[in-house]
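Colleague: Sharing a structure here in structure tokens format.
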Amino acid sequence: MEQREKGSVPVVLLLDISSSVKGEAFSQMKEAFVSLIQGYANQPLVTHSIAVITFGRDVNIVQNFSDDYNTILHLLDDTVCEGPSQLGRALEVAINVFNTSLIGPFFNRRRLLIMSGGHATTADFTEDSESEREKKMSILQLIEHVRKDLHIVCVPVGRDPDMCFLGSIAYSSKCGKLLKIDEAAQFARYSTNMVIASHIIGKMPTADYSLDDVTAAALSIGGPGLTTETDFSDIYEILVNRQAYQMNFYSWDNIESDLHGERDSRLPPIGTRVRRGPNWPYIGQDSDACGTVVGHRTDDLNVSVEWDTSMIFPYHYDTDGFDQASHVVVCDEPRILLQREKIAVGCLVQRGPDWKWFDQDGGEGNIGSVYRVKDDKTVHVRWPNGKKSNYRFGYDGNYDVSLCDPFDEKIMRRMKEQRNDWRKNNAQMVASNDGTRSKHNEKGFVNESSNGRNPRDVNKKKTKNDEKDKLAEGGKRNSPPIQHEIDALGGKNALNCNFSDTPFSWEWKTRQGKWVSFPKSENDKIQQAFDKNRKGTVLVKIDEDLYRVVLSKMIQINISNRESLEIRRLS
């Protein structure tokens, strides 16, 4: 966290120096401008490259991109406000003068800050209101064409700024803002807060988390200069709206076929778990997490990967089998649900208590992978036979599929068999349907592969035992006895490990925030697993509870209640 992000964040400032902002309005603008630049100069994690365009009698680029903040601070010292407010022309210049940037997994759209009273004229300020209204309409039409690529912030100045017009400009863009004069300095911290958000995104659930959760996570990493509640609110806003910072690689109007299509049998099928590969060219898009293949593409960036942070990016996967040329590589690391997460992309599922879809899954006992989770409590699943469809996971109280424990020995063995089948018969594993679409009609949920049949119309014997009733209420299958896994940890699998000669101690964090040492036997067990594979897992026992230690995330998960607790390694 002490090191600055590589590269810099480009910012373009549009400053109104027309006759409409003489006097008090210009003083307000200068106050906001100075506090903003001073704020940028004081950021410890991010460098901002700033360009300044003024518009009045003329439209001029008075400062090309630079991080020479001292020079930029004095740009308005000798400014004379005169002429019309040519906001339209200034926007045309600004739209074409700068590029985008990335902070971790977050895509920084062109950041444009407009300080103005909200007037738009091409002649004297006394131009009639009808003409100015037409100019404003043309500006809004211009913004409509480019709003998806912009992050627009407006700072109204003067006694009577056109708040409606400036608000329409700002809020037409993703994450747009309308700032007060005294909020400019805080906004200068937005990129720094985005850096902190990029560091904690992997520690947060993908849904159902609070501002308090974000605040605790941000404080835990020791982010520099976190002093205001607005900082935490900004970080929370960034995480909640993370999809707004998603690169526009896909046609979201046709997401089913454009994103979730499966087109090449040589590529890992949808649902395959991956990690960054040896040819990884990016910085923090993956947030050092695992991801799930959610679709194939037709260009060189031929696989779409949804990381466990829910951010989606395209990557190159070498179809000739040379991992060194691939951005991502296949891994065996399962999706680990965080607290309050019920299901997520990458989770393994099988038939649930309300399954009514015959052999879509290829037969009972087959395990599918979730590649899409929707807000209507349905999920999309890819089965090992290549079929893909949508299923109920809580919709109307029904569960067509249920979660599998990825650490269960039977599940692990079955997944290994399915992967081997794919390698042998991958040409037959690509489904003919390139995605499915959830359907709801007046009768309820309709599965895409059911040929329009409503599940209530499908005759199937129901034999619900207590376990299935528990599943229907959102519970999980009980794991089978796993004592044999614990015994195996000290057996032949441990004999081939290269253990370190340096003693290390491991600790876990209680719910009250206290760090407690593992028992000696469990400490040695964790260290042995760490020496063998720093991203592996191991079972440990604390008192009478069993925990799955996940080294890649430095957490331990209670096998019984799925509670997750932090762990750490001390030398």
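The values are calculated or read from the model by the stated rules, or taken from the named source; none is laboratory data. Computed from a prediction, not measured in an experiment: that's the story for all the values here. Virtual Cβ from ideal backbone geometry, glycine too; neighbours counted across all protein chains shown. Only protein heavy atoms, including side chains, enter the accessible area calculation; ligands, DNA and RNA are left aside. Shrake-Rupley method; radii C 1.70, N 1.55, O 1.52, S 1.80 Å.
Colleague: Skip the ligands, DNA and RNA, and give the accessible area per residue of the range 253-378 with a 1.4 Å probe, whole Å².
Modeller: Ligands and nucleic acids excluded, the figure is 37 Å² per residue.
Colleague: Here's a follow-up. Just to compare against my own numbers: the Cα pair-distance distribution for the range 277-421, 10 Å bins, whole % per bin, please.
Modeller: 11, 39, 35, 14, 1
Colleague: How many angstrom lie between the Cα centre of the range 516-563 and the Cα centre of the range 367-400?
Modeller: Going from one Cα centre to the other spans 31 Å.
Colleague: What figure, in Å² to the nearest 10, do you get for the accessible area of His119 with a 1.4 Å probe and non-protein molecules left out?
Modeller: So the heavy atoms of His119 present about 40 Å² to solvent.
Colleague: Right, next: Glu563's amide H: which non-local residues (gap 5+, or another chain) put their own amide H closer than 5 Å, with H modeled 1.01 Å from N in plane and none for Pro or chain starts?
Modeller: Asn558
Colleague: Further, regarding this structure: Quick one: which of Lys509/Lys535; Lys342/Lys520; Lys374/Lys553; Lys410/Lys509; Lys22/Lys135; Lys342/Lys416 span more than 29 angstrom between C-alpha atoms?
Modeller: With Cα atoms farther than 29 Å apart: Lys342/Lys520; Lys410/Lys509.
Colleague: Same structure, new question: Can you give me the % of accessible surface on the range 308-414 that is carbon or sulfur? Probe 1.4 Å, all protein chains present, nothing else counted.
Modeller: Reported share for carbon and sulfur atoms: 47 percent.
Colleague: Now for a separate question. What does the charge add up to near Phe55, with Lys and Arg as +1, Asp and Glu as -1, over the other residues with Cβ less than 11 Å from its Cβ?
Modeller: -1
Colleague: Using the heavy atoms of the protein chains and a 1.4 angstrom probe, tell me the accessible area per residue for the range 30-88 in square angstrom.
Modeller: Per residue, the range 30-88 has an accessible area of 41 Å².
Colleague: If I take the Cα coordinates of the range 31-82 and project them onto the principal axes, what are the three extents in Å, biggest first?
Modeller: Largest to smallest, the principal-axis extents are 38, 20, 14 Å.
Colleague: What is the P(r) of the range 529-568, as percent of Cα-Cα pairs per 10 Å bin from 0?
Modeller: 33, 55, 12
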